Amino acid sequence: MNEQDLQQLRREKWRLDGKPVRTIEQARAFVEGVGFCLMYPVRPSMPVPTFIGAFVGSDNRLPTWQHAYSDPRAAEATELMVRLLRERSAYEANLFEENNAFLVAASVFPYFYALVGERNPKLAPKQGPRSPYSPLACDAFELIRRDGPISKQKLQEALGGSVSLAALDKALGELLAKLRITRVDYKANEGSYWDVLYRWSPDAVREGVGLSVQQALSALLSKYLDCVVAAEQMELESFFGKFVARSRVKEAVNALLAARELSFVHVSGRSMLQITPEKEAVVAAARPHRAAK
């Protein structure tokens, strides 16, 4: 495989080959196929698909989140994305940039929750010197738990007129980063609607709580490599290092290599990791049995 082959395979998988995602069925299939994606591209770029790219069908002149407000394609793509959230085909997280949604497919979400979410989701967040939650975030959580799903506008009103939208966005971001809450709808006149995640998707949360970090990370590493076709170990550590210790990523990669579930492939002089092709995996698994005979 050379670099051109790799990029072509990614373009096809990420729907950047002139076949845009426009219907809810196509959007559902795209997110399920890639496992997770960013809403908009980031700078510097990283090997991960974007929902806006799939919606446009190209990676040419895509808006970043800072310029999305002036691009009509972004509004249409957001409307489609919110439909996925509303029907629980995808979930949203806040990992890379505050205003750039990280979308996770429903089938993958429990693994992601096991890495990022709270093990006791019904326990209210508490403020303190070591707490990741501000007083405003704790107050917002209580209101969402009591009255949700609730719009951001009504949430601001209930918290008091002195609370700015910027402060509220920051508080919601704190809760979203730990998957305490989830965006479940959007209306132009009221903004985003929020609910506590354990009430919105109890089965997904319950499954995530029951998974170990090792199980979850192994599954997500495999899904990521399926999504990007092949990646350098440094790229894996950079991506997953956003929400788990890099040392754990190295351990999980080594375990998957030892189990021959991952293997190396050379791409234009670079040594990259890939999911072991099925034929190679079968041969590798058979070797010990032949030796035993």
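The values are calculated or read from the model by the stated rules, or taken from the named source; none is laboratory data. Here the structure is a predicted model, which is why all the values come from computation and not from measurement. Please note: Cβ atoms are built from the backbone with ideal geometry, for glycine as well, and neighbour counts cover all protein chains shown.
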Residues located in the range 23-59, provided they are within 13 Å of the chain's Cα centre (by Cα) and more than 20 Å from LEU220 (Cβ to Cβ): TYR40
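Per-residue answers, yes or no, for (1) in contact with a strand residue (DSSP E or B) (Cβ under 6 Å, 6 or more places away or on another chain); (2) over 22 Å from THR50 (Cβ atoms):
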{"residue": "TRP200", "(1), (2)": "yes, yes"}
{"residue": "PHE239", "(1), (2)": "no, no"}
{"residue": "VAL249", "(1), (2)": "no, yes"}
{"residue": "ALA259", "(1), (2)": "no, yes"}
Selection count where residues are under 26 Å from SER58 (Cα atoms) and in contact with a strand residue (DSSP E or B) (Cβ under 9 Å, 6 or more places away or on another chain), scope the range 89-127: 17
Output the residue which, of all residues in the range 34-57 that are without any contact (Cβ under 8 Å) to a residue 60 or more places away in the chain and part of a helix (DSSP H, G or I), is nearest to HIS67 (Cα to Cα). ILE52
Within the range 151-186, can you find the residues that are within 12 Å of ALA140 (Cα to Cα), acidic (Asp, Glu) and within 23 Å of the chain's Cα centre (by Cα)? ASP169, GLU174
Can you confirm whether the range 113-120 contains a residue that is of a type in the set (Val, Ile, Thr), out of contact with any helix residue (DSSP H, G or I) (no Cβ under 6 Å at 6 or more places or on another chain) and over 12 Å from LYS178 (Cα atoms)? no
Residue among VAL48, VAL104 that is under 22 Å from LEU175 (Cβ atoms) and among the aliphatic types (A, V, I, L, M): VAL104
Report yes if VAL205 is crowded, with 16+ Cβ neighbours inside 10 Å, touching a strand residue (DSSP E or B) at 6+ places or on another chain (Cβ under 7 Å), within 27 Å of VAL108 (Cα to Cα) and in contact (Cβ under 8 Å) with a residue 60 or more places away in the chain, otherwise no. no
Can PRO121 be described as in contact (Cβ under 8 Å) with a residue 24 or more places away in the chain and either in contact with a Ser or Thr (Cβ under 6 Å, 6 or more places away or on another chain) or farther than 24 Å from ASN189 by Cβ (or both)? yes
Going residue by residue through the range 61-82, is there one that turns out to be in a helix (DSSP H, G or I), at pLDDT 95 or above and within 15 Å of the chain's Cα centre (by Cα)? yes
So for the range 215-237 (the condition being modelled with pLDDT of 95 or more, in contact with a Gly (Cβ under 7 Å, 6 or more places away or on another chain), closer than 16 Å to GLU92 by Cα and buried (at least 17 other Cβ atoms within 10 Å of the Cβ)), does at least one residue qualify? no
Does the range 74-92 include one or more residues that are polar (S, T, N, Q), closer than 16 Å to SER192 by Cα and not assigned by TED's automatic domain parsing to the domain that holds LEU225? yes
Residues in the range 142-197 that are assigned to a helix (DSSP H, G or I) and among the acidic types (Asp, Glu) total 5
Within the range 60-105, work out how many residues are in contact with a helix residue (DSSP H, G or I) (Cβ under 7 Å, 6 or more places away or on another chain) and aromatic (Phe, Trp, Tyr). 1
Yes or no: the range 9-26 includes at least one residue that is among the aliphatic types (A, V, I, L, M), in contact with a strand residue (DSSP E or B) (Cβ under 7 Å, 6 or more places away or on another chain) and either at pLDDT 95 or above or within 30 Å of GLU237 (Cβ to Cβ) (or both). no
Of the residues in the range 212-234, those that are in contact (Cβ under 8 Å) with a residue 60 or more places away in the chain, assigned to a helix (DSSP H, G or I) and within 15 Å of VAL244 (Cβ to Cβ) come to VAL213, GLN215, ALA216, LEU217, ALA219, LEU220, LYS223, TYR224
Scan the range 33-47 for residues that are surrounded by fewer than 21 Cβ atoms within 10 Å (Cβ to Cβ) and not charged (D, E, K, R) and report the count. 7
